[in-house]
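Student: Got a structure for you, written out below as structure tokens; questions coming shortly.
The values are calculated or read from the model by the stated rules, or taken from the named source; none is laboratory data. Owing to the predicted nature of the structure, the values given are computational and were not obtained by experimental measurement. Using ideal geometry, Cβ is built from the backbone for each residue, glycine included, and neighbour counts are taken over all protein chains shown. To get the accessible areas, we keep the full protein, side chains included, count just its heavy atoms, and leave off ligands, DNA and RNA. Shrake-Rupley method; radii C 1.70, N 1.55, O 1.52, S 1.80 Å.
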Amino acid sequence: MNIEISDKEVTMNCLSCYTAVEGFIGKKFQSYGGLVASHPWKFIIGYILVMGLFSLGLLNLQKNDDLEQTFTPLNSQAIQDRSTLLGLYKDYSRSHFNSYNKLTYGLYGDVIFKSKDGENILNSTYLREIESVYRTVLNITCNNTHGSISTYDELCAMSNGTCNIEGNIVLTQEFKTAMSTGNIPYPIFQGRTINTYFGNVEYTNGILQYASSIKLRFNLRTDTPSYFDTSKLWIKEFQEVMKKLEHSSIEIAFAHTYSLEEGLNTNIAGDVLYFSITVTLMLFYAGFAISNKDCLSDRQNLARAAVLGMGLAIVGALGFVSACGVEFVAIVGVMPFLIIGIGLDDMFLLLTGLASTYDKGGPVEPKKKVMMTMRTSVAVLFGYLSYITFYLACITLNEKRVQKGLHIHTCKPLPTPGELEEKGQPYKCLCTGKAPSKRTDVQGSLEKYPPKILSKIVLMKPVQVIVIIIFAAYLGISIWGATNFKEGLDIKNLVSEDSYYFKYLSFDESFTSRGIIVTQFSVAGNVRYSDPETIRKIENLQTLAERDVDTCSNCSINWLNAYRQTSYFDDSTESAFINSLQTQFLPAFPMFTNDISFSDDNTSIKASRFYVFAYDIIESKDEGNFMLRMREVAASSNLPGVIAYSPPFIFTEQFVAILHNTLQTLGISVAAIFVITAIFLPHPLLVFLVTVTLVMILVGLIGFMYFWDLTLSSITMIHIVMSVGFSVDFSAHVCHGFMETASEDRKLGACGALIRSGGPIFNGAMSSLIGIIMLAFSKSYVFLSFFKVMILIILLGAAHSLFFLPVVLSLVGPQFKHRVEGAELMPMNRKRNGN
């Protein structure tokens with residue numbers, strides 16, 4: 001037996017389900033609203049006290065400026081590999097320092113010298129200026145951790161018995177002589193590679209002809225905790241000296257180990273000042289948007305209460321998480337701007353529900369009005385603590401004031417008509433008002449007119465055609481932009497253009513050292529190095545790494561190869577191999593001391609490493625791919641404990657995981673929204689439309705991020721994920737309004753949806769824009785990228801909800817044959833049905 005169910009029956013069943021869910025939850029919220037309305041002052045005082053108590057947690061506020069912990073995946077493979085290697089290899093920064101075998105970025109101070117007007121810096125005049133600064137840096141001292149003075153000579157990293165200062169070869173007499181004769185060998189000078197010391201080079205037949213800049217790096221020792229801390233103090237003195245240094249004939253830029261952290265956090269700390277301006281703008285707009293210029297029914301005070309409630313929520317939240325031991329990181333600085341914007345969005349929804357209580361006919365008690373308003377808060381669900389306690393109590397007090405006929409500002413009784421006859425016109429304008437009897441009596445201009453105008457214009461046939469064409473073009477452009485969206489993060493974006501580090505990064509772009517990655521291949525375990533098979537496996541590992549498209553095939557450094565080429569090499573036995581290595585080879589070639597870790601009894605090799613060099617890897621995605629290929633090389637070896645590692649891999653990890661994590665998180669978010677929407681908006685077509693709209697908005701967001709020069713990074717990933725809520729918020733309101741209207745005529749249903757939700761969406765979008773507009777002036781990439789993402793998501797969300805979705809609903813939306821008991825009719829629907 002076949003049972004056929006018509007589309008209209010499905011629609012009505014869905015409406016019945018919707019009404020049941022709405023009614024059940026609405027009654028619970030009504031009961032709670034009645035409780036708040038019965039004791040408004042208790043809830044206001046209670047909320048303030050709770051937030052105040054939470055704010056005490058700010059006394060435990062801990063700030064984390066560590067970029068690694070903030071912007072890299074937790075416990076990544078690179079971090080684990082580094083931890084393993086730190087346990088295998090000692091810090092020889094005071095005796096056998098080499099820049100290529102560092103396991104961290106180390107401690108250093110950099111100085112870049114750039115010629116004026118692009119002149120050739122390879123002349124004696126510029127070298128004298130460089131030498132003068134060089135001497136100044138060498139004379140920098142600091143107070144050490146023991147209370148005495150430490151000089152650079154005491155703190156410098158050393159190799160071959162002298163301080164290791166990269167680039168100081170240009171100050172040697174041999175280099176000056178070669179320069180004066182125009183015969184500087186390049187890129188090898190006296191057995192040393194010098195190409196990383198010069199920027200914008202020109203050379204012919206192996207002779208350096210031109211360079212615009214020279215870089216010096218002053219490396220510092222880190223071999224003990226005490227010297228590590230003292231070296232950090234020297235860096236602070238270095239920064240102060242370099243800031244005051246001025247030279248008229250040469251441009252100077254400088255940086256140090258912590259310049260990026262300092263620049264990023266300085267930017268964010270300065271930009272927080274914009275928050276006070278944002279609050280002022282929000283107060284003004286919110287009050288203006290809901291003001292009806294009536295001294296009795298005006299609701300400006302509720303706008304102020306909403307901003308106050310959000311402010312208390314922000315302070316309370318920061319205090320609560322601080323008390324729980326959660327550290328404050330730079331990116332959290334966007335939170336206040338986000339919460340203020342979201343808060344006012346919800347305020348407009350609640351006040352729309354409050355305004356609808358005046359259409360119920362006859363006077364309504366304040367307590368009853370609050371209970372009705374809580375039905376609207378179903379869209380917010382449990383919402384925020386401030387709205388379901390503090391703000392509802394404020395609504396109750398406001399409605400009691402209206403009921404008693406008290407002035408909005410003075411809370412004194414309004415004058416009677418007889419008393420007004422004796423007053424002048426200014427007094428009549430400022431002190432009169434009437435009791436509201438319908439929704440429009442309490443709504444402000446920006447609450448009433450935008451939805452009315454939109455409902456008339458958007459649903460006109462010519463406009464509908466234009467809307468569909470525009471959104472089809474938008475989707476095509478967005479898809480193209482999304483397919484070209486790149487991963488990566490330019491470090492220059494993280495600091496302001498007027499910072500010393502930005503200048504340094506700009507100068508540094510001309511150096512070939514930017515694209516160099518030195519990868520260490522470490523072998524750890526029970527290995528007999530005198531065994532020819534072991535030697536063959538290490539050679540194969542090195543050869544495989546050198547065959548990579550980005551590595552240099554003849555630039556590797558391998559202690560074992562060097563050892564085998566000397567007369568000290570003895571592979572007769574493992575004991576002889578190690579004895580000759582320790583007593584003859586390493587004393588003759590101390591540069592390899594860091595590359596071999598012996599057992600405690602010096603009878604075996606615990607671990608060893610060699611290095612391969614990659615050049616011209618600039619793009620973040622290329623760095624990530626290179627890291628993965630090197631790990632594949634390491635994994636393919638039969639040797640025990642092989643690790644491929646480089647300090648940049650710590651930050652490169654994010655670019656390997658970022659795309660997968662972003663897509664995974666977005667997928668989970670969309671799925672969760674689909675499920676929640678299906679529960680609270682139980683109509684398959686409407687659930688489908690909300691989901692499609694969400695996907696279109698996200699595609700548009702990612703596509704237009706490409707056009708706005710944003711890339712996918714750990715920073716923008718957070719912004720994108722946060723935007724999911726904004727993406728679905730407005731469209732859900734429209735579909736909810738369509739279900740509430742429940743008209744048999746699709747066009748009337750779409751019109752009712754706009755009338756119901758158009759005002760809150762319009763004002764919510766405007767308030768959110770105002771909430772972030774000050775971030776447009778930010779110097780921080782974290783704030784500026786947040787501004788760009790949020791302005792895109794707000795505009796796209798509002799456009800889809802106010803134009804695209806109403807048009808689609810008017811064409812293919814569900815049709816309702818009759819109203820289900822408990823569902824509320826729109827005024828236009830009442831008129832149509834003769835009610």
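Student: Please report, as a whole percent, how much of the solvent-accessible surface of segment 184-328 comes from carbon and sulfur atoms (probe radius 1.4 Å).
Tutor: Of all accessible area on segment 184-328, carbon and sulfur atoms account for 60 percent.
Student: Rounded to the nearest 0.05, what FRET efficiency do H146 and Y105 give with R0 = 30 Å and r taken as the Cβ-Cβ distance? Could you check?
Tutor: So, using R0 = 30 Å, E works out to roughly 0.70.
Student: Length gain on complete extension for the stretch V695 to K42, per 0.36 nm per residue less the alpha carbon to alpha carbon distance?
Tutor: 230.7 nm
Student: In the full protein assembly as shown, how much of E619 is accessible to a 1.4 Å probe, in Å² to the nearest 10?
Tutor: 100
Student: Report the residues of segment 523-546 in range of a label on K606: point 7 Å along Cα→C-beta, backbone N strictly under 15 Å from it.
Tutor: 523-527
Student: Can you bin every Cα-Cα distance in segment 72-195 into 5 Å intervals starting at zero and give me the percent of pairs per bin, rounded to whole numbers?
Tutor: 2, 8, 14, 16, 17, 14, 12, 8, 6, 3, 0
Student: Still on this structure, please answer the following. So if each residue of separation counts as 0.36 nm, and I subtract the Cα-Cα distance between S276 and N526, what length gain in nm does that give?
Tutor: 83.7 nm
Student: Starting from a Cα-only point model with no solvent, please compute log10 I(q)/I(0) by Debye for segment 615-709 at q = 0.11, 0.21, 0.23 1/Å.
Tutor: -0.56, -1.06, -1.16
Student: Let me check against my output: what whole-number percent is the relative contact order of the chain, with C-alpha pairs under 8 Å and at least 6 apart?
Tutor: Once normalised by length, the contact order is 20 percent.
Student: If the viscosity is 1.002 mPa s and the temperature 20 °C, what Stokes-Einstein diffusion coefficient in µm²/s follows for segment 150-191 when Rh is the Kirkwood radius over Cα pairs?
Tutor: It diffuses with D of about 179 µm²/s by this estimate.
Student: Can you give the relative contact order of segment 21-154 as a percent, counting alpha carbon pairs under 8 Å and 6+ residues apart?
Tutor: Values: 27 pairs, mean separation 10.6, N = 134.
Value for segment 21-154: 8 percent.
Student: Too long at a 29 Å Cα-Cα cut-off: which of K176/K621; K114/K244; K114/K236?
Tutor: K176/K621
Student: What are the semi-axes of the equivalent ellipsoid of segment 104-154, taken as the square roots of 5 times the eigenvalues of the Cα gyration tensor, listed largest first and rounded to whole Å? Write down the numbers at each step before the final one.
Tutor: Numbers: eigenvalues 185, 38, 11 Å².
Equivalent-ellipsoid dimensions as semi-axes: 30, 14, 7 Å.
Student: Grab the beta carbon distance between Q190 and L86, set R0 = 25 Å, and tell me the FRET efficiency rounded to 0.05.
Tutor: 0.15
Student: Kindly report, to the nearest 10 Å², the accessible surface of F24 as traced by a 1.4 Å probe over protein heavy atoms only.
Tutor: 130
Student: What number comes out for accessible area per residue over segment 721-818 if the probe is 1.4 Å? Units Å², please.
Tutor: On the way: 2480 Å² over 98 residues.
For segment 721-818, the per-residue accessible area is 25 Å².
Student: Go ahead and run the numbers for FRET between K236 and N661, Cβ-Cβ distance against an R0 of 35 Å, rounding to 0.05. Can you show the working numbers first?
Tutor: Values: r = 36 Å, r/R0 = 1.04.
About 0.45, to the nearest 0.05.
Student: Follow-up question, since we're still on this one. Fully extended, how many nm does the chain gain between M179 and N123 (0.36 nm per residue separation, minus their Cα-Cα distance)?
Tutor: Full extension from M179 to N123 adds 19.4 nm.
Student: Counting only helical runs of four or more DSSP H residues, what would the 222 nm mean residue ellipticity of the chain come to if each run contributes -39,500 (n - 2.57) and the total is spread over all its residues?
Tutor: Taken over the chain, the calculation gives -18000 deg cm²/dmol.
Student: Continuing with the same structure: If the label point is 7 Å along Cα→Cβ of I618, which residues in segment 523-551 have backbone nitrogen under 20 Å from it?
Tutor: Of the residues in segment 523-551, 549-551 have backbone N under 20 Å from the label point off I618.
Student: Of L775, L49, L318, which has the most accessible area with a 1.4 Å probe, and how do the rest follow in descending order?
Tutor: Reading off the accessible areas and sorting them downward yields L49, L318, L775.
Student: Give the ranking of F738, F471 by solvent-accessible surface, highest area first, calculated with a 1.4 Å probe. Walk me through the numbers on the way to the answer.
Tutor: Numbers: F738 0, F471 25 Å².
I get F471, F738, largest accessible area first.
Student: At a temperature of 25 °C and a viscosity of 0.890 mPa s, determine how fast segment 26-120 diffuses translationally according to Stokes-Einstein, using the Kirkwood radius over alpha-carbon pairs as Rh; express D in µm²/s, rounded to the nearest whole number. List each step's numbers first, then the result.
Tutor: Values: Rh = 20.8 Å.
In µm²/s, the coefficient rounds to 118.
Student: P(r) of segment 212-252 in 5 Å steps, Cα pairs, percent per bin?
Tutor: Percent of pairs per bin, in order: 5, 18, 20, 21, 15, 10, 7, 3, 0.
Student: Quick one: plug the Kirkwood hydrodynamic radius of segment 213-351 (C-alpha pairs) into Stokes-Einstein at 10 °C, 1.306 mPa s, and report D in µm²/s.
Tutor: On the way: Rh = 19.7 Å.
Rounded to a whole number, D works out at 81 µm²/s.
Student: May I pose another question? Out of every Cα pair in the chain, what percent are spaced more than 54 Å from each other?
Tutor: Of all Cα-Cα pairs in the chain, 32 percent lie more than 54 Å apart.
Student: Quick check: pseudo-label points 7 Å beyond the Cα along Cα→Cβ at S226 and V326, how many nm apart are they?
Tutor: Between S226 and V326, the simple spin-label model gives 4.1 nm.
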